[in-house]
Amino acid sequence: MFEKTVKIGAREVGEGHPVFVVAEAGDNHNGDVKLALRLIEEAARTGVDAVKFQIFRTEELVCRAAPKASYQRQGDPHPDQYSMLKALELPFAVFPMLRREAEQRGLIFLCSAFGFESQQFLIRELGVPALKIPSGELVNDEFLHQACSARLPLILSTGMGTRQEVEDALHLVYDAGCRHLVLLHATSAYPCPASDVNLRALSTLMRIFNGPVGFSDHTTGNTARLEAVALGAVLIEKHFTLDRALPGPDHAASTTPEEMKALVEQIRFLEQALGDGVKAPRPAERDVREVARK
């Protein structure tokens with residue numbers, strides 16, 4: 001059995017604990033270390049629990065002629081995926097500094113690896129408290145085995161996946177010794193139209209998985225994220241940018257610092273408003289109850 005709660009850094013993630021909110025800085029630093037540091041600074045001001053980046057070596061991911069997805073063509077000026085990723089790549093040596101900056105500002109530092117070399121760096125050298133498995137690696141058995149070898153909590157995104165592929169991945173990581181896993185519903189579209197969010201899939205994942213389930217969101221606005229919390233999501237991840245007008249593939253589907261701050265406040269309000277589910281007079285009703293009933 002997977003654990004019902006997962007500890008990530010100093011935070012417990014699962015039912016009965018505050019929703020764990022992740023600002024996904026991703027590659028919205030545009031390859032600029034100073035911009036990456038500003039993303040951490042602004043994320044800390046919004047009240048999120050964690051900031052997450054992406055780490056990769058372009059040569060490990062794509063060939064030089066690899067085409068771009070349509071959303072990448074719209075938001076990025078580079079002619080192909082190789083040149084786009086190369087412009088977004090940060091040296092591995094930068095990431096310890098980013099982790100220290102995040103931790104000094106009270107944030108948990110997370111990172112998604114794209115490639116075996118990158119994930120090995122996270123495991124062996126960076127000292128992350130958990131490994132985030134991006135949706136594209138859901139069916140990459142060897143990559144999942146490498147992640148499980150770290151004996152760290154895993155956060156597994158399921159974008160583009162079928163129910164059978166999710167179940168296969170769960171069996172694989174369980175057999176490989178993983179017991180601390182957060183499973184994320186996601187739709188890999190940037191931005192994601194309302195017709196494809198499919199929030200009811202959260203309930204499906206909760207039925208097939210006995211651990212904590214969250215939502216990696218790519219819609220605009222905060223509505224879908226709040227609905228996910230109301231449906232029981234215990235982790236919310238959202239792309240984070242300083243300015244949606246910046247060039248780059250992910251800025252247009254990201255949330256700004258002001259929007260992220262509002263999201264955190266709304267989630268904390270919703271957590272209180274959901275209550276305990278017991279239908280009984282609430283403390284705020286007592287004096288009205290005494291005078292309103294015949």
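The values are calculated or read from the model by the stated rules, or taken from the named source; none is laboratory data. From a predicted model like this one, the values you see are computed outputs, not experimental measurements. Reconstructed Cβ throughout: ideal geometry from the backbone, glycine too, with neighbour counts over all protein chains shown. Just so you know, the surface numbers come from the protein's heavy atoms only, side chains and all, with ligands and any DNA or RNA stripped out. Shrake-Rupley method; radii C 1.70, N 1.55, O 1.52, S 1.80 Å.
Spin-label model, VAL94/GLN164: points 7 Å from Cα along the beta carbon direction are separated by 4.2 nm.
Between CYS63 and ASP32, the simple label model (points 7 Å from Cα in the Cβ direction) yields a spacing of 3.4 nm. Please build a GNM for the chain, connecting alpha carbons under 10 Å apart, and tell me which residue among ALA273, ALA50, ALA147 fluctuates the most. Per the Cα network of the chain with a 10 Å cutoff, ALA273 tops the list. Comparing ALA280, ALA25, ALA189 in a Gaussian network model of the chain, where Cα atoms under 10 Å apart are tied by springs, the biggest mean-square fluctuation is seen for ALA280. Ignoring ligands, DNA and RNA, what percent of the 1.4 Å accessible area of the chain is carbon and sulfur? Ligands and nucleic acids excluded, carbon and sulfur give 51 percent.
Rounded to the nearest 500, what is the 222 nm mean residue ellipticity of the chain from helices alone, with -39500 (n - 2.57) per DSSP H run of 4+ residues and division by all residues? For the chain, the value works out to -11000 deg cm²/dmol.
Taken per residue, the accessible surface of the range 87-144 reaches 40 Å², heavy atoms only and a 1.4 Å probe. Once the C-beta distance of GLU15 and ASP196 is scaled by a Förster radius of 30 Å, the resulting FRET efficiency is 0.65 to the nearest 0.05. Would you mind telling me the antiparallel percentage of the DSSP bridges in the chain, rounded to 5? Antiparallel bridges: around 10 percent, rounded to the nearest 5.
Each Lys and Arg Cβ is given +1 and each Asp and Glu Cβ -1; about its Cα centre, the chain then shows a dipole of about 800 debye.
The calculated P(r) of the range 1-69, using every Cα pair and 10 Å bins from 0, goes 16, 34, 28, 20, 3 in percent. Among the listed values (1) 30.7, 100; (2) 19.8, 78; (3) 21.5, 72, the one matching Rg and Dmax of the Cα atoms in Å as calculated from this structure is (2).
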